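Quick notes on the structure that follows.
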Amino acid sequence: MNKLRISIIDLIYNGYTHSLYNRAMLANFMSIMPQVIGVWCREEGHEVNYSIFTGSQKLKNFSPDNVDLVFISAFTFTAQFAYALSNYYRSKGIVTVLGGPHARCYPEDACRYFDYVMGLTDKALLIDLLHNFEMNSSFGTYLTAPAQPKTLPGIRQRWEFIEKVHRKMSVVKIIPMIGSLGCPYNCDFCIDSEIPYQVLDMEEIKEDLAFLVKTEKHPKVGWFDPNFGVQFNVFMETIESVVPPGSIEFVAECSLSILNERNVKRLRRNGFVVIMPGIESWYEYGKKSKTGSHVGMEKVKKAAEQVNMIQKHIPQVHINFMFGFDSDAGELPFTLTKRFIDLVPGTYPSYQILSIFGQSTKSNFRYEDENRIIPFPFHMMRPAHTLNIVPKNYTWEEFNMYMIDLLKYSFSPRAIYRRFKGIHYNTSRWITLLMSLTVGGSGKKRFLSDMLKHIRKDPDFQAFLTKESPQVPQFMREKVKKDLGPLWYWLPDKSLSYNPNALSKAESYYD
Ligand code: SF4
(Lines give C-alpha, C1' and ligand atoms only; values in the text may rest on other atoms or scores of the structure.)
Protein backbone atom coordinates (compact mmCIF):
# COMPACT_ATOMS: atom_id res chain seq x y z
CA MET A 1 0.00 0.00 0.00
CA ASN A 2 1.22 3.55 -0.80
CA LYS A 3 2.43 5.69 2.01
CA LEU A 4 -0.36 8.17 2.77
CA ARG A 5 -0.04 11.71 4.08
CA ILE A 6 -2.53 12.14 6.88
CA SER A 7 -3.48 15.12 9.03
CA ILE A 8 -5.22 14.82 12.38
CA ILE A 9 -6.88 17.86 13.92
CA ASP A 10 -8.26 17.84 17.45
CA LEU A 11 -10.83 20.63 17.88
CA ILE A 12 -10.95 21.48 21.56
CA TYR A 13 -12.59 24.88 21.10
CA ASN A 14 -15.17 26.30 18.73
CA GLY A 15 -13.85 29.69 17.67
CA TYR A 16 -11.15 32.32 17.69
CA THR A 17 -10.59 33.97 21.07
CA HIS A 18 -8.02 35.94 23.08
CA SER A 19 -9.04 34.24 26.33
CA LEU A 20 -6.21 33.94 28.82
CA TYR A 21 -7.65 30.71 30.18
CA ASN A 22 -7.74 29.16 26.70
CA ARG A 23 -4.13 30.10 26.09
CA ALA A 24 -2.87 28.86 29.43
CA MET A 25 -5.00 25.80 30.10
CA LEU A 26 -7.15 24.52 27.27
CA ALA A 27 -4.50 22.44 25.54
CA ASN A 28 -4.58 20.24 28.64
CA PHE A 29 -7.89 18.93 27.30
CA MET A 30 -6.24 17.46 24.19
CA SER A 31 -8.17 14.29 23.37
CA ILE A 32 -6.61 10.85 23.50
CA MET A 33 -8.38 9.25 20.52
CA PRO A 34 -6.93 11.54 17.80
CA GLN A 35 -3.46 10.66 19.12
CA VAL A 36 -4.41 6.98 19.06
CA ILE A 37 -5.46 7.34 15.41
CA GLY A 38 -2.09 9.00 14.76
CA VAL A 39 -0.19 6.09 16.34
CA TRP A 40 -2.19 3.48 14.40
CA CYS A 41 -1.66 5.37 11.11
CA ARG A 42 2.09 5.53 11.77
CA GLU A 43 2.19 1.83 12.63
CA GLU A 44 0.80 1.25 9.13
CA GLY A 45 3.70 3.23 7.67
CA HIS A 46 1.91 6.51 6.93
CA GLU A 47 3.08 10.05 7.50
CA VAL A 48 1.10 11.91 10.18
CA ASN A 49 0.70 15.60 10.89
CA TYR A 50 -1.05 16.28 14.21
CA SER A 51 -2.46 19.58 15.52
CA ILE A 52 -4.95 20.91 18.05
CA PHE A 53 -7.18 23.99 18.08
CA THR A 54 -7.75 25.83 21.36
CA GLY A 55 -8.85 29.22 19.99
CA SER A 56 -5.76 30.88 18.54
CA GLN A 57 -4.06 28.54 16.02
CA LYS A 58 -4.17 29.69 12.41
CA LEU A 59 -5.97 27.74 9.69
CA LYS A 60 -2.81 27.35 7.61
CA ASN A 61 -1.08 25.61 10.54
CA PHE A 62 -3.68 22.84 10.94
CA SER A 63 -2.56 20.81 7.99
CA PRO A 64 -0.46 20.99 4.82
CA ASP A 65 -2.62 21.31 1.69
CA ASN A 66 -1.11 18.26 0.02
CA VAL A 67 -2.38 15.49 2.31
CA ASP A 68 -4.56 12.54 1.27
CA LEU A 69 -6.80 12.43 4.33
CA VAL A 70 -7.77 14.77 7.13
CA PHE A 71 -9.18 13.34 10.36
CA ILE A 72 -11.04 15.87 12.52
CA SER A 73 -12.13 15.15 16.08
CA ALA A 74 -15.04 17.27 17.30
CA PHE A 75 -17.38 17.71 20.22
CA THR A 76 -20.87 18.83 19.28
CA PHE A 77 -20.08 22.44 20.21
CA THR A 78 -17.10 22.38 17.81
CA ALA A 79 -19.12 20.73 15.02
CA GLN A 80 -19.72 23.89 12.97
CA PHE A 81 -16.00 24.60 13.04
CA ALA A 82 -15.41 21.01 11.91
CA TYR A 83 -18.02 21.26 9.11
CA ALA A 84 -16.37 24.42 7.78
CA LEU A 85 -12.90 22.84 7.93
CA SER A 86 -14.15 19.75 6.14
CA ASN A 87 -15.66 21.88 3.39
CA TYR A 88 -12.37 23.77 3.03
CA TYR A 89 -10.29 20.58 2.69
CA ARG A 90 -12.78 18.87 0.39
CA SER A 91 -12.61 21.90 -1.91
CA LYS A 92 -8.90 21.03 -2.27
CA GLY A 93 -9.70 17.41 -3.14
CA ILE A 94 -8.77 16.03 0.30
CA VAL A 95 -10.95 13.29 1.80
CA THR A 96 -12.25 14.15 5.29
CA VAL A 97 -13.14 11.93 8.25
CA LEU A 98 -14.97 12.97 11.41
CA GLY A 99 -14.49 11.29 14.80
CA GLY A 100 -15.15 12.21 18.43
CA PRO A 101 -18.38 12.64 20.39
CA HIS A 102 -20.21 14.58 17.65
CA ALA A 103 -19.73 11.70 15.21
CA ARG A 104 -21.40 9.35 17.69
CA CYS A 105 -24.23 11.74 18.58
CA TYR A 106 -25.21 13.07 15.14
CA PRO A 107 -23.78 10.67 12.54
CA GLU A 108 -26.41 11.37 9.89
CA ASP A 109 -26.05 15.11 10.06
CA ALA A 110 -22.25 14.80 10.00
CA CYS A 111 -22.44 12.56 6.90
CA ARG A 112 -23.81 15.58 5.01
CA TYR A 113 -20.47 17.34 5.43
CA PHE A 114 -17.81 14.64 5.73
CA ASP A 115 -16.73 11.79 3.46
CA TYR A 116 -16.57 9.42 6.45
CA VAL A 117 -17.95 9.59 9.96
CA MET A 118 -16.53 7.20 12.53
CA GLY A 119 -18.46 6.08 15.62
CA LEU A 120 -16.74 3.56 17.90
CA THR A 121 -13.32 3.14 16.32
CA ASP A 122 -10.82 0.32 16.56
CA LYS A 123 -7.65 -0.37 14.61
CA ALA A 124 -9.26 -2.86 12.20
CA LEU A 125 -11.91 -0.32 11.19
CA LEU A 126 -9.24 2.32 10.65
CA ILE A 127 -7.03 0.02 8.54
CA ASP A 128 -10.02 -0.86 6.34
CA LEU A 129 -10.63 2.81 5.74
CA LEU A 130 -6.95 3.52 4.96
CA HIS A 131 -7.00 0.78 2.32
CA ASN A 132 -10.09 1.99 0.62
CA PHE A 133 -11.37 5.54 0.69
CA GLU A 134 -12.72 8.05 -1.76
CA MET A 135 -14.49 11.36 -1.80
CA ASN A 136 -18.22 10.78 -1.38
CA SER A 137 -20.03 13.09 -3.74
CA SER A 138 -23.34 13.49 -1.95
CA PHE A 139 -23.49 11.74 1.41
CA GLY A 140 -20.69 10.42 3.63
CA THR A 141 -20.34 6.89 4.98
CA TYR A 142 -20.88 6.06 8.62
CA LEU A 143 -18.44 3.47 9.99
CA THR A 144 -18.53 2.01 13.47
CA ALA A 145 -16.88 -0.90 15.28
CA PRO A 146 -19.03 -3.30 17.34
CA ALA A 147 -17.40 -2.15 20.60
CA GLN A 148 -14.65 -0.02 22.10
CA PRO A 149 -11.12 -1.41 21.52
CA LYS A 150 -9.72 -3.73 24.19
CA THR A 151 -6.36 -1.91 24.22
CA LEU A 152 -5.16 1.56 23.25
CA PRO A 153 -1.66 2.88 22.56
CA GLY A 154 -0.33 4.38 25.78
CA ILE A 155 1.70 7.44 26.64
CA ARG A 156 4.97 6.08 25.23
CA GLN A 157 3.45 5.59 21.78
CA ARG A 158 1.58 8.92 21.93
CA TRP A 159 4.50 10.82 23.43
CA GLU A 160 5.53 12.65 20.26
CA PHE A 161 2.05 14.19 19.96
CA ILE A 162 1.88 15.10 23.64
CA GLU A 163 5.29 16.76 23.51
CA LYS A 164 4.29 18.75 20.43
CA VAL A 165 1.39 20.29 22.38
CA HIS A 166 3.43 20.82 25.54
CA ARG A 167 6.20 22.68 23.70
CA LYS A 168 3.73 25.53 23.12
CA MET A 169 2.53 25.65 26.74
CA SER A 170 4.16 27.52 29.56
CA VAL A 171 2.31 27.02 32.84
CA VAL A 172 0.52 23.77 33.68
CA LYS A 173 1.18 20.82 31.35
CA ILE A 174 -1.03 17.80 31.86
CA ILE A 175 -0.33 14.43 30.26
CA PRO A 176 -3.53 12.65 29.18
CA MET A 177 -3.80 9.02 30.27
CA ILE A 178 -6.64 6.51 30.36
CA GLY A 179 -7.05 3.28 32.31
CA SER A 180 -10.68 2.35 31.67
CA LEU A 181 -13.53 2.88 29.21
CA GLY A 182 -17.25 3.19 29.85
CA CYS A 183 -18.92 3.37 33.26
CA PRO A 184 -20.93 0.93 35.39
CA TYR A 185 -23.34 3.69 36.50
CA ASN A 186 -26.36 4.58 34.45
CA CYS A 187 -26.77 8.36 34.58
CA ASP A 188 -29.21 8.67 31.70
CA PHE A 189 -27.73 11.91 30.31
CA CYS A 190 -24.20 10.50 29.92
CA ILE A 191 -22.77 9.02 26.72
CA ASP A 192 -20.47 6.76 28.77
CA SER A 193 -23.37 5.13 30.60
CA GLU A 194 -24.07 3.03 27.48
CA ILE A 195 -20.49 1.79 27.08
CA PRO A 196 -19.73 -1.35 29.12
CA TYR A 197 -17.10 -0.69 31.77
CA GLN A 198 -13.70 -2.25 31.01
CA VAL A 199 -10.27 -1.81 32.53
CA LEU A 200 -7.43 -1.47 30.02
CA ASP A 201 -4.17 -3.41 30.24
CA MET A 202 -2.61 -2.56 33.62
CA GLU A 203 0.83 -3.82 32.55
CA GLU A 204 0.87 -1.20 29.77
CA ILE A 205 -0.19 1.45 32.25
CA LYS A 206 2.59 0.43 34.61
CA GLU A 207 5.14 0.81 31.82
CA ASP A 208 3.75 4.21 30.88
CA LEU A 209 4.01 5.40 34.47
CA ALA A 210 7.54 4.05 34.79
CA PHE A 211 8.44 5.86 31.55
CA LEU A 212 7.14 9.15 32.96
CA VAL A 213 9.00 8.72 36.24
CA LYS A 214 12.18 8.18 34.28
CA THR A 215 11.84 10.87 31.60
CA GLU A 216 9.93 13.77 33.15
CA LYS A 217 10.60 16.03 36.10
CA HIS A 218 7.44 16.21 38.30
CA PRO A 219 4.95 15.23 35.58
CA LYS A 220 1.23 15.90 35.96
CA VAL A 221 -1.08 13.19 34.68
CA GLY A 222 -4.78 13.68 33.95
CA TRP A 223 -6.76 10.43 34.03
CA PHE A 224 -9.31 10.73 31.21
CA ASP A 225 -11.33 7.74 32.45
CA PRO A 226 -15.01 8.72 32.45
CA ASN A 227 -15.11 7.49 36.04
CA PHE A 228 -11.68 6.86 37.54
CA GLY A 229 -11.11 4.29 40.24
CA VAL A 230 -14.20 2.11 39.88
CA GLN A 231 -11.67 -0.70 40.41
CA PHE A 232 -9.95 1.35 43.06
CA ASN A 233 -7.49 -1.21 44.43
CA VAL A 234 -6.35 -2.32 40.98
CA PHE A 235 -5.45 1.25 40.02
CA MET A 236 -3.82 2.10 43.34
CA GLU A 237 -1.71 -1.08 43.34
CA THR A 238 -0.58 -0.31 39.80
CA ILE A 239 0.48 3.22 40.72
CA GLU A 240 2.12 2.12 43.98
CA SER A 241 4.17 -0.52 42.18
CA VAL A 242 6.03 1.96 39.94
CA VAL A 243 5.52 5.54 41.11
CA PRO A 244 7.62 6.63 44.11
CA PRO A 245 5.54 8.91 46.39
CA GLY A 246 5.68 12.54 45.24
CA SER A 247 7.07 11.87 41.78
CA ILE A 248 3.83 12.26 39.73
CA GLU A 249 0.80 14.47 40.40
CA PHE A 250 -2.57 13.12 39.29
CA VAL A 251 -5.94 14.63 38.37
CA ALA A 252 -9.05 12.44 38.13
CA GLU A 253 -12.81 12.48 37.90
CA CYS A 254 -14.35 9.93 40.25
CA SER A 255 -17.57 9.15 42.07
CA LEU A 256 -18.19 10.17 45.67
CA SER A 257 -19.16 6.54 46.25
CA ILE A 258 -15.49 5.47 46.32
CA LEU A 259 -14.19 8.50 48.20
CA ASN A 260 -14.27 7.29 51.81
CA GLU A 261 -11.51 8.65 54.06
CA ARG A 262 -9.28 5.59 53.73
CA ASN A 263 -9.38 5.78 49.92
CA VAL A 264 -8.91 9.55 49.91
CA LYS A 265 -5.78 9.26 52.08
CA ARG A 266 -4.44 6.63 49.74
CA LEU A 267 -5.12 8.88 46.75
CA ARG A 268 -3.21 11.69 48.42
CA ARG A 269 -0.29 9.43 49.30
CA ASN A 270 -0.17 8.44 45.65
CA GLY A 271 0.02 12.03 44.40
CA PHE A 272 -3.61 12.93 43.57
CA VAL A 273 -3.94 16.72 43.75
CA VAL A 274 -7.22 17.36 41.91
CA ILE A 275 -10.37 15.27 42.29
CA MET A 276 -13.61 16.00 40.45
CA PRO A 277 -16.63 14.11 41.80
CA GLY A 278 -20.13 14.65 40.44
CA ILE A 279 -23.17 15.32 42.62
CA GLU A 280 -25.25 16.41 39.59
CA SER A 281 -28.61 16.84 41.34
CA TRP A 282 -30.02 17.13 44.85
CA TYR A 283 -32.90 14.83 43.88
CA GLU A 284 -31.42 12.21 41.54
CA TYR A 285 -28.30 10.14 40.87
CA GLY A 286 -27.84 9.20 44.55
CA LYS A 287 -26.26 5.87 43.65
CA LYS A 288 -22.99 7.23 42.30
CA SER A 289 -22.62 9.65 45.22
CA LYS A 290 -23.67 6.92 47.66
CA THR A 291 -26.15 9.32 49.20
CA GLY A 292 -28.84 6.71 48.63
CA SER A 293 -32.31 7.87 49.58
CA HIS A 294 -31.07 11.21 50.97
CA VAL A 295 -32.45 14.09 48.90
CA GLY A 296 -32.74 17.86 49.25
CA MET A 297 -31.13 19.47 52.32
CA GLU A 298 -30.30 16.09 53.81
CA LYS A 299 -28.20 15.27 50.72
CA VAL A 300 -26.56 18.73 50.86
CA LYS A 301 -25.37 18.16 54.44
CA LYS A 302 -24.22 14.61 53.81
CA ALA A 303 -22.33 15.57 50.64
CA ALA A 304 -20.79 18.69 52.26
CA GLU A 305 -19.45 16.64 55.15
CA GLN A 306 -17.84 14.19 52.74
CA VAL A 307 -16.44 16.88 50.46
CA ASN A 308 -14.90 18.75 53.40
CA MET A 309 -13.25 15.50 54.46
CA ILE A 310 -11.88 15.08 50.90
CA GLN A 311 -10.56 18.62 50.88
CA LYS A 312 -8.67 18.00 54.11
CA HIS A 313 -6.45 15.65 52.10
CA ILE A 314 -6.72 16.65 48.43
CA PRO A 315 -5.65 20.20 47.51
CA GLN A 316 -8.20 20.89 44.78
CA VAL A 317 -11.75 19.56 44.61
CA HIS A 318 -14.20 20.40 41.83
CA ILE A 319 -17.79 19.34 42.22
CA ASN A 320 -19.94 18.86 39.13
CA PHE A 321 -23.59 19.88 39.20
CA MET A 322 -26.14 19.71 36.45
CA PHE A 323 -29.33 21.76 36.12
CA GLY A 324 -32.33 21.37 33.87
CA PHE A 325 -33.52 17.93 34.99
CA ASP A 326 -37.25 17.30 35.07
CA SER A 327 -36.94 16.67 38.81
CA ASP A 328 -35.84 20.31 39.34
CA ALA A 329 -38.65 22.72 40.22
CA GLY A 330 -38.76 26.23 41.65
CA GLU A 331 -35.92 28.00 43.40
CA LEU A 332 -35.03 25.15 45.76
CA PRO A 333 -32.36 23.29 43.68
CA PHE A 334 -30.48 26.59 43.31
CA THR A 335 -30.87 27.55 46.97
CA LEU A 336 -29.64 24.13 48.06
CA THR A 337 -26.55 24.57 45.88
CA LYS A 338 -25.86 27.94 47.51
CA ARG A 339 -26.06 26.32 50.95
CA PHE A 340 -23.62 23.68 49.75
CA ILE A 341 -21.20 26.43 48.58
CA ASP A 342 -21.43 27.99 52.06
CA LEU A 343 -20.68 24.66 53.71
CA VAL A 344 -17.67 23.78 51.50
CA PRO A 345 -15.92 27.12 50.85
CA GLY A 346 -12.72 25.71 49.34
CA THR A 347 -14.46 23.68 46.63
CA TYR A 348 -14.81 24.81 43.03
CA PRO A 349 -18.38 24.35 41.73
CA SER A 350 -18.58 23.33 38.10
CA TYR A 351 -22.06 23.92 36.68
CA GLN A 352 -23.38 22.11 33.64
CA ILE A 353 -26.74 22.64 32.01
CA LEU A 354 -28.49 19.59 30.62
CA SER A 355 -28.01 19.23 26.89
CA ILE A 356 -29.54 16.36 24.97
CA PHE A 357 -27.07 15.19 22.35
CA GLY A 358 -28.80 13.32 19.52
CA GLN A 359 -28.05 9.61 19.72
CA SER A 360 -25.77 9.80 22.76
CA THR A 361 -28.11 7.74 24.94
CA LYS A 362 -31.32 5.83 24.33
CA SER A 363 -33.07 7.78 27.06
CA ASN A 364 -33.13 10.78 24.72
CA PHE A 365 -36.20 9.16 23.11
CA ARG A 366 -38.23 10.52 26.01
CA TYR A 367 -37.50 14.13 25.05
CA GLU A 368 -38.06 13.41 21.36
CA ASP A 369 -41.44 11.80 22.12
CA GLU A 370 -42.42 14.87 24.08
CA ASN A 371 -41.21 17.09 21.22
CA ARG A 372 -39.13 19.14 23.64
CA ILE A 373 -35.75 19.37 21.91
CA ILE A 374 -34.92 22.78 20.45
CA PRO A 375 -32.46 22.66 17.53
CA PHE A 376 -29.94 25.15 18.90
CA PRO A 377 -27.06 25.38 16.42
CA PHE A 378 -24.42 22.87 17.53
CA HIS A 379 -22.04 25.75 18.05
CA MET A 380 -24.13 26.94 21.03
CA MET A 381 -24.33 23.52 22.67
CA ARG A 382 -21.59 23.77 25.23
CA PRO A 383 -22.91 21.63 28.08
CA ALA A 384 -22.01 24.33 30.53
CA HIS A 385 -24.11 26.91 28.69
CA THR A 386 -27.19 25.71 26.86
CA LEU A 387 -30.32 23.90 27.92
CA ASN A 388 -31.63 22.55 24.63
CA ILE A 389 -34.91 21.08 25.89
CA VAL A 390 -38.02 22.95 26.92
CA PRO A 391 -37.71 22.99 30.74
CA LYS A 392 -40.46 21.01 32.43
CA ASN A 393 -41.02 23.17 35.50
CA TYR A 394 -39.69 26.61 34.49
CA THR A 395 -40.24 29.24 31.87
CA TRP A 396 -37.07 29.94 29.86
CA GLU A 397 -36.80 33.30 31.61
CA GLU A 398 -37.06 31.79 35.11
CA PHE A 399 -34.51 29.10 34.39
CA ASN A 400 -31.94 31.58 33.08
CA MET A 401 -32.55 33.99 35.96
CA TYR A 402 -32.00 31.26 38.54
CA MET A 403 -28.82 30.12 36.80
CA ILE A 404 -27.42 33.65 36.60
CA ASP A 405 -28.26 34.27 40.24
CA LEU A 406 -26.48 31.04 41.25
CA LEU A 407 -23.40 32.00 39.22
CA LYS A 408 -23.35 35.45 40.80
CA TYR A 409 -23.50 33.88 44.24
CA SER A 410 -20.91 31.20 43.54
CA PHE A 411 -18.43 33.57 41.92
CA SER A 412 -19.04 36.67 44.05
CA PRO A 413 -15.90 38.37 45.47
CA ARG A 414 -16.76 36.86 48.86
CA ALA A 415 -17.11 33.30 47.50
CA ILE A 416 -13.94 33.63 45.42
CA TYR A 417 -12.00 34.92 48.44
CA ARG A 418 -13.24 32.08 50.66
CA ARG A 419 -12.32 29.58 47.94
CA PHE A 420 -8.85 31.07 47.60
CA LYS A 421 -8.29 30.88 51.36
CA GLY A 422 -9.84 27.42 51.56
CA ILE A 423 -7.24 25.87 49.24
CA HIS A 424 -3.90 25.12 50.90
CA TYR A 425 -1.81 24.47 47.83
CA ASN A 426 -0.35 27.29 45.84
CA THR A 427 -0.74 26.15 42.22
CA SER A 428 -4.29 24.91 42.89
CA ARG A 429 -5.23 28.23 44.48
CA TRP A 430 -4.14 30.27 41.50
CA ILE A 431 -5.62 27.93 38.90
CA THR A 432 -8.92 27.96 40.76
CA LEU A 433 -8.81 31.74 40.95
CA LEU A 434 -8.16 31.99 37.21
CA MET A 435 -11.06 29.62 36.51
CA SER A 436 -13.38 31.48 38.90
CA LEU A 437 -12.64 34.78 37.19
CA THR A 438 -12.92 33.51 33.61
CA VAL A 439 -14.65 30.36 32.39
CA GLY A 440 -16.45 29.45 35.62
CA GLY A 441 -17.99 32.75 36.54
CA SER A 442 -17.92 35.64 34.15
CA GLY A 443 -17.88 33.62 30.91
CA LYS A 444 -21.04 31.66 31.73
CA LYS A 445 -22.76 34.67 33.30
CA ARG A 446 -22.15 36.74 30.17
CA PHE A 447 -23.47 33.99 27.94
CA LEU A 448 -26.63 33.39 30.00
CA SER A 449 -27.30 37.12 30.43
CA ASP A 450 -27.15 37.53 26.68
CA MET A 451 -29.60 34.64 26.26
CA LEU A 452 -31.91 36.19 28.85
CA LYS A 453 -31.89 39.49 26.99
CA HIS A 454 -32.98 37.71 23.81
CA ILE A 455 -35.56 35.59 25.64
CA ARG A 456 -37.18 38.81 26.84
CA LYS A 457 -36.95 40.97 23.75
CA ASP A 458 -36.18 39.03 20.61
CA PRO A 459 -39.34 37.82 18.78
CA ASP A 460 -37.27 35.54 16.50
CA PHE A 461 -35.70 33.81 19.48
CA GLN A 462 -39.08 33.55 21.22
CA ALA A 463 -40.56 31.89 18.12
CA PHE A 464 -37.55 29.55 17.95
CA LEU A 465 -37.94 28.51 21.61
CA THR A 466 -41.65 27.82 21.23
CA LYS A 467 -41.00 25.92 17.98
CA GLU A 468 -43.21 28.29 16.01
CA SER A 469 -40.24 28.88 13.74
CA PRO A 470 -37.30 26.60 12.87
CA GLN A 471 -35.33 29.66 11.72
CA VAL A 472 -32.03 30.07 13.58
CA PRO A 473 -32.23 33.53 15.21
CA GLN A 474 -29.99 36.21 13.78
CA PHE A 475 -27.97 36.77 16.96
CA MET A 476 -26.93 33.12 16.95
CA ARG A 477 -25.88 33.32 13.30
CA GLU A 478 -23.84 36.41 14.17
CA LYS A 479 -22.18 34.60 17.07
CA VAL A 480 -21.18 31.65 14.89
CA LYS A 481 -19.90 34.03 12.21
CA LYS A 482 -17.80 35.97 14.72
CA ASP A 483 -16.35 32.85 16.36
CA LEU A 484 -15.51 31.09 13.10
CA GLY A 485 -13.66 34.11 11.72
CA PRO A 486 -12.22 33.23 8.28
CA LEU A 487 -13.85 29.80 8.41
CA TRP A 488 -17.36 31.32 8.26
CA TYR A 489 -16.87 31.59 4.51
CA TRP A 490 -16.48 27.79 4.37
CA LEU A 491 -19.45 26.89 6.55
CA PRO A 492 -21.84 24.96 4.30
CA ASP A 493 -25.25 26.49 3.65
CA LYS A 494 -27.98 25.31 5.98
CA SER A 495 -25.53 23.56 8.29
CA LEU A 496 -26.78 25.61 11.25
CA SER A 497 -30.07 23.68 11.07
CA TYR A 498 -30.67 19.97 11.66
CA ASN A 499 -33.30 17.50 12.77
CA PRO A 500 -33.32 17.62 16.60
CA ASN A 501 -34.98 14.22 16.83
CA ALA A 502 -31.83 12.42 15.68
CA LEU A 503 -32.57 9.23 17.58
CA SER A 504 -36.08 8.57 16.19
CA LYS A 505 -34.84 9.44 12.74
CA ALA A 506 -31.94 7.00 13.06
CA GLU A 507 -34.23 4.19 14.28
CA SER A 508 -36.58 4.59 11.32
CA TYR A 509 -33.58 4.80 9.01
CA TYR A 510 -32.01 1.54 10.23
CA ASP A 511 -35.30 -0.45 10.61
S1 SF4 B 1 -20.97 8.25 36.93
FE2 SF4 B 1 -20.15 9.81 35.55
S3 SF4 B 1 -19.24 8.66 33.85
FE4 SF4 B 1 -20.59 7.27 34.96
S5 SF4 B 1 -22.53 7.34 33.85
FE6 SF4 B 1 -22.65 8.83 35.57
S7 SF4 B 1 -21.98 10.79 34.67
FE8 SF4 B 1 -21.33 9.14 33.25
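How many residues does segment 375-398 contain that are surrounded by fewer than 20 Cβ atoms within 10 Å (Cβ to Cβ) and part of a helix (DSSP H, G or I)? Of the residues in that region, 2 qualify. Name every residue in segment 218-266 that is under 21 Å from A303 (Cβ atoms), aromatic (F, W, Y) and touching a strand residue (DSSP E or B) at 6+ places or on another chain (Cβ under 8 Å), in order of residue number. Across segment 218-266, the qualifying residue is only F228.
Report whether or not V213 is touching a residue at least 12 places away in the same chain (Cβ under 8 Å) and not in a helix (DSSP H, G or I). Answer is no for this residue.
Is it fair to say S495 is among the hydroxyl-bearing types (S, T, Y), surrounded by 12 or more Cβ atoms within 10 Å (Cβ to Cβ), modelled with pLDDT under 95 and within 18 Å of F77 (Cα to Cα)? It is true that S495 is among the hydroxyl-bearing types (S, T, Y), surrounded by 12 or more Cβ atoms within 10 Å (Cβ to Cβ), modelled with pLDDT under 95 and within 18 Å of F77 (Cα to Cα).
A search for C-beta distances below 6 Å between a residue of segment 123-143 that is closer than 17 Å to N87 by Cα and any residue that is of a type in the set (D, E), counting only pairs 6+ apart in sequence or on different chains, returns M135/D115; N136/D115; G140/D115.
Listed here are the residues, each with its yes/no results for (1) surrounded by 19 or more Cβ atoms within 10 Å (Cβ to Cβ); (2) in contact with an Asp or Glu (Cβ under 9 Å, 6 or more places away or on another chain).
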position: S73; (1), (2): yes, yes
position: L85; (1), (2): yes, no
position: G93; (1), (2): no, no
position: T96; (1), (2): yes, yes
position: G99; (1), (2): yes, no
position: H102; (1), (2): yes, yes
position: M118; (1), (2): yes, no
position: D128; (1), (2): no, no
position: R156; (1), (2): no, yes
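If the condition is being polar (S, T, N, Q), within 16 Å of the ligand (Cβ to nearest atom) and surrounded by fewer than 18 Cβ atoms within 10 Å (Cβ to Cβ), then segment 174-221 contributes N186, Q198. Whenever a residue of segment 370-398 is more than 18 Å from Q352 (Cα to Cα), its partners that are of a type in the set (S, T, Y), lying with C-beta atoms within less than 7 angstrom and at least six residues away or across chains, give the pairs P375/S497; P375/Y498.
Among all residues of segment 292-310, there is none that is surrounded by fewer than 19 Cβ atoms within 10 Å (Cβ to Cβ), within 15 Å of the ligand (Cβ to nearest atom) and outside any loop (DSSP other than H, G, I, E, B).
Considering segment 248-262, and only residues there that are more than 16 Å from the ligand (Cβ to nearest atom) and more than 20 Å from E216 (Cα to Cα), the residue that is surrounded by the most Cβ atoms within 10 Å (Cβ to Cβ) turns out to be N260. In segment 182-194, the residues that are closer than 16 Å to G119 by Cα and in contact (Cβ under 8 Å) with a residue 24 or more places away in the chain reach residues that are of a type in the set (V, I, T) and more than 8 Å from the ligand (Cβ to nearest atom) with C-beta atoms within less than 6 angstrom, at least six apart or across chains, in these pairs: G182/I195; E194/T361. Filtering segment 399-447 to residues that are in a loop (DSSP other than H, G, I, E, B) and of a type outside the set (S, T, Y) leaves F411, I423, H424. Considering only residues in segment 453-511 that are free of Cβ contacts under 8 Å to residues at least 12 places away in the same chain and part of a loop (DSSP other than H, G, I, E, B), the one that is nearest to T386 (Cα to Cα) turns out to be T466. Put simply, of D450, D483, D493, D458 the only residue that is more than 19 Å from I356 (Cα to Cα) and within 22 Å of the chain's Cα centre (by Cα) is D483. Checking the stated criteria, Y83 turns out not to satisfy the condition of being over 25 Å from the mean Cα position of the chain (by Cα) and assigned to a helix (DSSP H, G or I).
The values are calculated or read from the model by the stated rules, or taken from the named source; none is laboratory data. Fair warning: this is a prediction, and the values are worked out from it, not measured in the lab. Glycine also receives a Cβ, built like all others from the backbone with ideal geometry; neighbour counts cover every protein chain displayed.
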